[in-house]
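The values are calculated or read from the model by the stated rules, or taken from the named source; none is laboratory data. Keep in mind that this is a model prediction, so the values were computed, not measured. Cβ coordinates were reconstructed from backbone atoms using ideal geometry, including for glycine residues, and neighbour counts include every protein chain displayed. Note: areas computed on protein heavy atoms with side chains; ligands, DNA, RNA excluded. Shrake-Rupley method; radii C 1.70, N 1.55, O 1.52, S 1.80 Å.
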Amino acid sequence: MRSSQFFLPTLKETPAEAQIASHRLMLRAGMIRQTSAGIYAWLPLGWKVLRKISQIVREEQDAAGAQELLMPTIQSAELWRQSGRYDDYGKEMLRITDRHDRELLYGPTNEEMITDIFKTFVRSYKDLPKNLYHIQWKFRDEIRPRFGVMRGREFLMKDNYSFDLDAEGAKLSYRKMFLAYLRTFARMGLKAIPMRADTGPIGGDLSHEFIILAETGESGVFCHKDWLDLDVLQNPPEAGSDLKDFFAKYTSIYAATDEKHDPATCEVPEDQLVSARGIEVGHIFYFGTKYSKPMGAVVAGPDGEPVAVEMGSYGIGVSRLMGAIIESSHDENGIIWPESVAPFHVGLINLKADDAACASLCEDLYAKLNAAGVETLYDDRNERPGAKFADMDLIGLPWQLTVGPRGLKAGVVELKRRATGEKRELSVEAALAELIKA
Ligand code: 5CA
């Protein structure tokens, strides 16, 4: 992509309405635009990152055996009356009436709809287990939408739903998602800590919130400092295992939100207890037959007797994750994207766009990077070098490759790593080799 053509409305000034770094930086980097309170348009740069985050979520869901589908945003009130949640959900639910006076709603979550779909098609225990997910917009009429995409009214969620014949099977489904969540967040450079949680309007008695530590988090959290060194990607559980040992290990290390933390009973010595703030990026629930019973999601069991299926649901705040990643990875100059979700891998900066030799080398580099599949944003604009550097630091691509007339004479270009600020002068070939391998 060429900056001269890219729709990237960056701002120099810090917007007054933004209270936390991620909100400020997403506005300044031209990633989002608020269109109503808590509702955002995703501009090309923001949308690109949102797609990358979604893709990691998708890959880990697929690897864990879940299957993707897509349900609509608008649901019928009738379905929610069957589970008894239509009245319980209260003012957070956006209720809509169509031209025929039928009551509809903009879905805040999908337990009812998926249970209805499931029961229409699945009749036998032989078709179990099943785990179905989608990545879809949700609406919750939050009383105080704030912090940008962190607490929006319209937001993107990955939600999935597991169906098993018995509690044993349902708990295995739960453990598989527990692992998939740890892997998903780790791949985005986040340390997410699962904490025992209340189940709120979703229901059930087994639930974990996945929380990343960040000063601007909305919840107070406590955990054993051993959490900080755990690396699930380096120490995966044995392939094909029932994950019982893995789950036992990860749930034995102390971690609790302030609602669940009781200093009187907490056994972690004070010097090993981390007290921090956190952002909830995911939440998983096992709620048994809470929806299957009232909605009649019943299969014929092995002995022919009807059995209400055991269910769980699992949510990831896909759009909130973007804020969470920025909260945990930025500096005073801007965002520092982890490679896995960066909108482009390289920012190619031409310091003198009207210099024929600089432009020709940049064109050549741009073509070679693209040909090698390295996503590149080429700043070919006729702007001051200072403005170009500031924009590149702001949007936080992992690498900056700078071409200027002085270096060109000496046969070198400059390669900067955004995360460390480290700069090196390299030959054109060496710089290309580095970027193509990285
Ligand atoms: N049905 C269950 C799981 S599928 C459910 O809805 N769980 S939830 O309420 O905990 O939401 C799942 C995730 O969505 C949360 O962990 C959070 O990361 C994200 N989320 C919830 N509310 C908002 C919001 N207002 N803005 C942005 N993200 C949100």
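Of all residues in the range 146-174, those being touching a Gly at 6+ places or on another chain (Cβ under 6 Å) and either within 7 Å of the ligand (Cβ to nearest atom) or of a type in the set (Val, Ile, Thr) (or both) number 6. Condition check for Asp205 on (1) more than 12 Å from the ligand (Cβ to nearest atom); (2) farther than 19 Å from Phe246 by Cα; (3) buried (at least 21 other Cβ atoms within 10 Å of the Cβ): one failure, at (3).
Looking at Tyr314, Tyr250, Tyr291, which is the one that is of a type outside the set (A, V, I, L, M, F, W, C), buried (at least 17 other Cβ atoms within 10 Å of the Cβ), within 16 Å of the ligand (Cβ to nearest atom) and at pLDDT below 95? Don't jump to the end; show me each part of the working.
Working: Tyr314 fails: at pLDDT below 95; Tyr250 fails: within 16 Å of the ligand (Cβ to nearest atom).
Every option except Tyr291 fails the conditions.
Among all residues of the range 415-422, there is none that is open to solvent by 60 Å² or more (accessible area, probe 1.4 Å), in contact with a Gly (Cβ under 8 Å, 6 or more places away or on another chain), modelled with pLDDT of 95 or more and part of a strand (DSSP E or B).
The residues on offer are Val221, Val281, Val309, and the sole one that is surrounded by 19 or more Cβ atoms within 10 Å (Cβ to Cβ), within 16 Å of the ligand (Cβ to nearest atom), in contact (Cβ under 8 Å) with a residue 60 or more places away in the chain and assigned by TED's automatic domain parsing to the domain that holds Leu190 is Val281.
When the range 89-135 is filtered for residues that are within 14 Å of the ligand (Cβ to nearest atom), touching a residue at least 60 places away in the same chain (Cβ under 8 Å) and over 21 Å from Leu69 (Cα atoms), only Tyr89 remains.
Selection of first residues in the range 312-326 that are over 16 Å from Ala180 (Cα atoms) and of second residues that are in a strand (DSSP E or B), restricted to Cβ pairs under 7 Å at least 6 apart or on distinct chains, gives the following pairs, ordered by first then second residue: Ser319/Phe155; Ser319/Leu156; Arg320/Phe155; Arg320/Val281; Ala324/Ile212; Ala324/Ile279; Ala324/Val281; Ile326/Ile335.
Residue-wise test of (1) touching a Leu at 6+ places or on another chain (Cβ under 9 Å); (2) modelled with pLDDT under 95; (3) open to solvent by less than 20 Å² (accessible area, probe 1.4 Å); (4) among the acidic types (Asp, Glu).
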| position | (1), (2), (3), (4) |
| --- | --- |
| Thr120 | no, no, no, no |
| Phe139 | yes, no, yes, no |
| Val149 | yes, no, yes, no |
| Asp164 | yes, no, yes, yes |
| Arg175 | yes, no, no, no |
| Phe178 | yes, no, yes, no |
| Phe185 | yes, no, yes, no |
